[in-house]
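*Asks:* The structure that follows is given in the form of structure tokens.
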There are 2 protein chains.
Amino acid sequence: MDREATHRTDAPDPTEAPSPDHTGTPAAVSAPARVAADGEPISYDELALTTRNHGLPLEALRYDVTPPGLHYVLVHYDIPDAHADDWTLSVGGLVKSPLTLHMAALRSLPAVTHRVTMECAGNGRARLTPRPVSQPWLVEAVGTAEWTGVPLQALLDAAGVRPGAVEAVFTGADHGIERGVEQDYRRSLPLAPLPPDVLVAYAMNGQPLPPQHGYPLRLVVPGWYGMAHVKWLRDITLVDAPFTGFQQAVAYRFRQDADDPGEPVTRILPRALLVPPGFPDFMSRTRVLRPGPVRVEGRAWSGFAPVARVEVTTDDGASWHEAELAPPDGHSTAWRRWEYAWMPTPGDHVLSARATDEHGRTQPLTQPWNRGGFGNNLVQRVPVHCPAG
Amino acid sequence: MDREATHRTDAPDPTEAPSPDHTGTPAAVSAPARVAADGEPISYDELALTTRNHGLPLEALRYDVTPPGLHYVLVHYDIPDAHADDWTLSVGGLVKSPLTLHMAALRSLPAVTHRVTMECAGNGRARLTPRPVSQPWLVEAVGTAEWTGVPLQALLDAAGVRPGAVEAVFTGADHGIERGVEQDYRRSLPLAPLPPDVLVAYAMNGQPLPPQHGYPLRLVVPGWYGMAHVKWLRDITLVDAPFTGFQQAVAYRFRQDADDPGEPVTRILPRALLVPPGFPDFMSRTRVLRPGPVRVEGRAWSGFAPVARVEVTTDDGASWHEAELAPPDGHSTAWRRWEYAWMPTPGDHVLSARATDEHGRTQPLTQPWNRGGFGNNLVQRVPVHCPAG
């Protein structure tokens, strides 16, 4: 089934260069990546992705931890028909003692829980001009959960990392074709250093993982965009050269054109979102807000450093004001709540919020375009209509 | 807040005729219902609905009971910021003893559980030509859950129905504007007879309702499309004339044009869906299936009567074959599993399934168009590519 790897279960070939035609798949089934033409509308292919994947309804930014079913979901292929009873995780490649772990063995190891804000790397893609053709997120592909599992480092220590290992390659059970390349979903992480607090997680918000979030096992890489958090995790292989599989070397790179090798997509860029105030129109989602004092609230996050500052505008960027950050709650890899007191006047307003992290990274006011539509953290715009009286 | 009702909490005015301009809302905020022009693409307003609402990923048809987060969700306005601790349900209008029930009181009453397949009345809308402009479902707005709560009849018996009461009006806490009408979401059911097995439900699959499914309380009307299952239920009022609120008399009617009074949308028309076999291309969702025997499986349902028959075609309707229905499982208001053994040959195929219920209702092979895009149970088409060898 797995055409990308040389050996399916435990030896992804780190030197394999994906070929756009090696499955013999007709282009009508699996076409190359592309950017929409000027003015090209949302296609039915893009629509079909949005009816199965979903974002966070923005009013759900009110919850510290996102309730099940409201956290964003992006499934590349199909949700596998997985069963915890017969699930195994293999740990192999450049290790001293290859492991094959059943769920019971994983659950018997010391567990940790991290609260993590996760965001799709393609969040904001559908707002780009021109629009990269893929899952057309507007701004809502985010969520925060409490993930429980075994530290990846503990599994690597148990297996024993052999000299020369430079990356760990993680393979999920989800299988499909993407841009002509048949594959199991697969990503790698560097070993020196390994990103902090990486988990092999079997619980989300204290419950077994829901199917769409990787049941029974997934990787969680705090601070990184969603593509790194390999779901339905079945294999970890240590390799002696950087992994060049599709999701690492072809997809998920910041490229300006098809020939640009680009830079890899890794950590989450800063973003603030606000709970749209008032109430919506069903069809346009435009907000209506009665005049009177209102506490505008939202969340802000960055995968690079804690959020240091959130600014708010209620006049579409003509003036910016400091929002009040909630006190630190000890969850350094999760979003931070903020508030801003506003007294709207009758008329039409546009609200935005802008996050800056402790490293000084902030959100752009013009679109940060790239060919994959990754990391578009352009500030959100929320039009609000305040009726007179 | 509630401009549709004369008295907000317990006395929806059954004679009120919604006026398209009584909120003074600009048309740019809340426009009238409309049908897309010939060839008009999916708009960003439609896209914004699909990024917050979502359907059932079709591979999840494999589960008898849909896991949390995979059941379809359609939220008209915002998910209310509801808390079970201070939630009350009022029962008033033409009753002998008006009731105000806290959650603890509801939970102390004898409870029942029903397995119910629920479907959005607008499922299939985006496949219609011309396309009614609203939530653009393709075919996936369905799910099955175990709902636990108090029979509505028990609450009506406790309050005592007074002579002259003809309908019960159900009001949710979700507030918004729709087609120019500001409103709390509100629907009615007839009392003589009341549809069978109607529940006031506080649990879904054994857990408190998720926020997006009506936490802490919703109506469940087995066999009816989703618009009847009022979420965030806060009031039941018995009235002496048919309710004419927006969601009853304006929306959710089978109309051929804007002046047609139309027929009300009520029970779910028959439909079969299949789990797309093989594996998908990421972008087109087209299926690739290796040659060899395959069990095509799916679900079928009807809100009118049990499913009697499912037929399958693998040649885009040129020939139809009987599928094998799973034995009855006692859940008469839930979908029924079916299977069909298929031996695909190399090439391109189109699969469909067609349900017929015990009343002889079946699915059309040409689109059943209406202005709201309701009840489009045209058979699903699943293109499958079988590579040679």
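*Asks:* What are the pairs with Cβ atoms under 8 angstrom where one residue, in segment B:41-60, is within 26 Å of A:Ala82 (Cβ to Cβ) and the other, located anywhere, is of a type in the set (Asp, Glu)? Sequence gap at least six, or different chains.
*Replies:* Final answer for the pair search is B:Gly55/B:Glu140; B:Leu56/B:Glu140; B:Pro57/A:Asp78; B:Pro57/B:Glu140; B:Leu58/B:Glu140; B:Glu59/A:Asp78; B:Glu59/A:Asp81.
*Asks:* When you look at B:Ala48, is it within 9 Å of another protein chain (Cβ to nearest Cβ) and either open to solvent by 10 Å² or more (accessible area, probe 1.4 Å) or at pLDDT below 95 (or both), yes or no? Before the answer, list the steps.
*Replies:* Working: within 9 Å of another protein chain (Cβ to nearest Cβ): yes; either open to solvent by 10 Å² or more (accessible area, probe 1.4 Å) or at pLDDT below 95 (or both): yes.
Against the criterion (within 9 Å of another protein chain (Cβ to nearest Cβ) and either open to solvent by 10 Å² or more (accessible area, probe 1.4 Å) or at pLDDT below 95 (or both)), B:Ala48 qualifies.
*Asks:* Then there's this: Against the definition (modelled with pLDDT of 95 or more and part of a loop (DSSP other than H, G, I, E, B)), how does A:His22 come out, yes or no? Don't jump to the end; show me each part of the working.
*Replies:* Working: modelled with pLDDT of 95 or more: no; part of a loop (DSSP other than H, G, I, E, B): yes.
Here the answer is no, as A:His22 does not meet what is asked.
*Asks:* Any chance you could count how many residues in segment A:260-287 are over 15 Å from A:Leu58 (Cα atoms) and either buried (at least 22 other Cβ atoms within 10 Å of the Cβ) or not small (Gly, Ala, Ser) (or both)?
*Replies:* Filtering segment A:260-287 for residues over 15 Å from A:Leu58 (Cα atoms) gives A:260-270, A:283.
Then drop every residue that is not either buried (at least 22 other Cβ atoms within 10 Å of the Cβ) or not small (Gly, Ala, Ser) (or both), which leaves A:260-261, A:263-270, A:283.
Number satisfying all stated conditions: 11.
*Asks:* Moving to a separate point now. Residues A:Ala323, A:Ala355, A:Ala334: which one is without any contact (Cβ under 8 Å) to a residue 60 or more places away in the chain and farther than 30 Å from B:Gly180 by Cα?
*Replies:* Answer to the selection: A:Ala323.
*Asks:* If you don't mind, there's one more thing I want to ask. Tell me which of these B:Glu297 doesn't satisfy, since it passes every other one: (1) under 29 Å from B:Val65 (Cβ atoms); (2) acidic (Asp, Glu); (3) crowded, with 22+ Cβ neighbours inside 10 Å.
*Replies:* For B:Glu297, the exception is condition (3).
*Asks:* Hey, does segment A:196-208 have a residue that's closer than 29 Å to B:His71 by Cα, within 13 Å of another protein chain (Cβ to nearest Cβ) and not in a strand (DSSP E or B)?
*Replies:* To start, the set of residues in segment A:196-208 that are closer than 29 Å to B:His71 by Cα comprises A:199-208.
With the extra rule that they be within 13 Å of another protein chain (Cβ to nearest Cβ), the set shrinks to A:204-208.
From what's left, not in a strand (DSSP E or B): A:205-206.
So far as segment A:196-208 goes, yes, one or more of its residues are closer than 29 Å to B:His71 by Cα, within 13 Å of another protein chain (Cβ to nearest Cβ) and not in a strand (DSSP E or B).
*Asks:* Exactly one of (1) at pLDDT 95 or above; (2) surrounded by fewer than 22 Cβ atoms within 10 Å (Cβ to Cβ) is unmet by B:Leu56. Its number?
*Replies:* Every listed condition holds for B:Leu56 apart from (2).
*Asks:* Now for a separate question. In segment A:121-163, how many residues are of a type in the set (A, V, I, L, M), closer than 30 Å to A:Arg34 by Cβ and in contact with a helix residue (DSSP H, G or I) (Cβ under 9 Å, 6 or more places away or on another chain)?
*Replies:* First, pick out the residues of segment A:121-163 that are of a type in the set (A, V, I, L, M): A:121, A:126, A:128, A:133, A:138-139, A:141-142, A:145, A:150, A:152, A:154-156, A:158-159, A:161.
Imposing the further condition that a residue be closer than 30 Å to A:Arg34 by Cβ reduces the set to A:121, A:126, A:128, A:133, A:138-139, A:141-142.
Among the residues that remain, those that are also in contact with a helix residue (DSSP H, G or I) (Cβ under 9 Å, 6 or more places away or on another chain) are: A:121, A:126, A:133, A:138-139, A:141-142.
Qualifying residue count for the region: 7.
*Asks:* Quick one: B:Ala37 ticks every box in (1) open to solvent by less than 40 Å² (accessible area, probe 1.4 Å); (2) at pLDDT 95 or above; (3) farther than 30 Å from B:Asp329 by Cα; (4) of a type in the set (A, V, I, L, M) bar one, so which box is it?
*Replies:* Every listed condition holds for B:Ala37 apart from (1).
*Asks:* For segment A:229-259, which residues satisfy the criterion of being more than 29 Å from A:Leu61 (Cα to Cα) and among the hydroxyl-bearing types (Ser, Thr, Tyr)?
*Replies:* Correct list: A:Thr237, A:Thr244.
*Asks:* Turning to a different aspect of this structure: For residues that are polar (S, T, N, Q) and open to solvent by less than 20 Å² (accessible area, probe 1.4 Å), scanning just segment B:343-377, find the one that is nearest to B:Gly262 (Cα to Cα).
*Replies:* Top of the filtered list is B:Asn370.
*Asks:* Scanning segment B:209-228 for residues that are in a loop (DSSP other than H, G, I, E, B) and out of contact with any Asp or Glu (no Cβ under 7 Å at 6 or more places or on another chain), which turns out farthest from B:Pro151 (Cα to Cα)? If you could, list the steps in order and put the result at the bottom.
*Replies:* First, pick out the residues of segment B:209-228 that are in a loop (DSSP other than H, G, I, E, B): B:209-210, B:214-217, B:221-223, B:225.
Checking which are out of contact with any Asp or Glu (no Cβ under 7 Å at 6 or more places or on another chain) leaves us with B:209-210, B:214-217, B:221, B:223.
Values: B:Leu209: 17, B:Pro210: 20, B:Gly214: 17, B:Tyr215: 17, B:Pro216: 16, B:Leu217: 13, B:Val221: 10, B:Gly223: 15 Å.
Here the answer is B:Pro210.
*Asks:* While we're here: Considering segment A:236-259 alone, what residues qualify as being acidic (Asp, Glu) and either at pLDDT 95 or above or open to solvent by less than 60 Å² (accessible area, probe 1.4 Å) (or both)? I'd like the intermediate steps shown before the answer.
*Replies:* Of segment A:236-259, the ones acidic (Asp, Glu) are A:240, A:257, A:259.
Across segment A:236-259, the qualifying residue is only A:Asp240.
*Asks:* Next question, about the same structure. All but one of (1) touching a residue at least 60 places away in the same chain (Cβ under 8 Å); (2) in contact with a strand residue (DSSP E or B) (Cβ under 7 Å, 6 or more places away or on another chain) hold for B:Ala241, so report the exception by its number.
*Replies:* Looking at each condition in turn, B:Ala241 falls short on (2).
*Asks:* Another question about this same structure. Report, by residue number, each residue of segment A:51-84 that is among the hydroxyl-bearing types (Ser, Thr, Tyr) and facing chain B (nearest Cβ under 7 Å). Walk me through it before giving the result.
*Replies:* In the first step, residues of segment A:51-84 are kept if they are among the hydroxyl-bearing types (Ser, Thr, Tyr); the result is A:51, A:63, A:66, A:72, A:77.
Across segment A:51-84, the qualifying residues are A:Thr51, A:Tyr77.
*Asks:* Can you name every one of the strands (runs of 3 or more DSSP E) wholly within segment B:328-389 that holds 2 or more residues which are under 22 Å from the mean Cα position of the chain (by Cα)? So that I can check it myself, show each step before the final result.
*Replies:* Details: elements: B:336-342, B:347-357, B:382-386.
The strands (runs of 3 or more DSSP E) meeting that bar are B:336-342, B:347-357.
*Asks:* Next question, about the same structure. Find the residue count for segment B:302-318, including only residues that are over 14 Å from B:Val379 (Cα atoms) and open to solvent by less than 40 Å² (accessible area, probe 1.4 Å).
*Replies:* Of the residues in that region, 3 qualify.
*Asks:* How many of the residues in segment B:280-312 are more than 12 Å from chain A (Cβ to nearest Cβ) and hydroxyl-bearing (Ser, Thr, Tyr)?
*Replies:* So the first thing to find is which residues in segment B:280-312 are more than 12 Å from chain A (Cβ to nearest Cβ), and the list is B:291-296, B:298-312.
Next, only the ones that are hydroxyl-bearing (Ser, Thr, Tyr) stay: B:302.
The total comes to 1.
The values are calculated or read from the model by the stated rules, or taken from the named source; none is laboratory data. Computed from a predicted structure; not experimentally measured. Please note: Cβ atoms are built from the backbone with ideal geometry, for glycine as well, and neighbour counts cover all protein chains shown. Heads up: the accessible areas ignore ligands, DNA and RNA and are worked out on the full protein's heavy atoms, side chains in. Shrake-Rupley method; radii C 1.70, N 1.55, O 1.52, S 1.80 Å.
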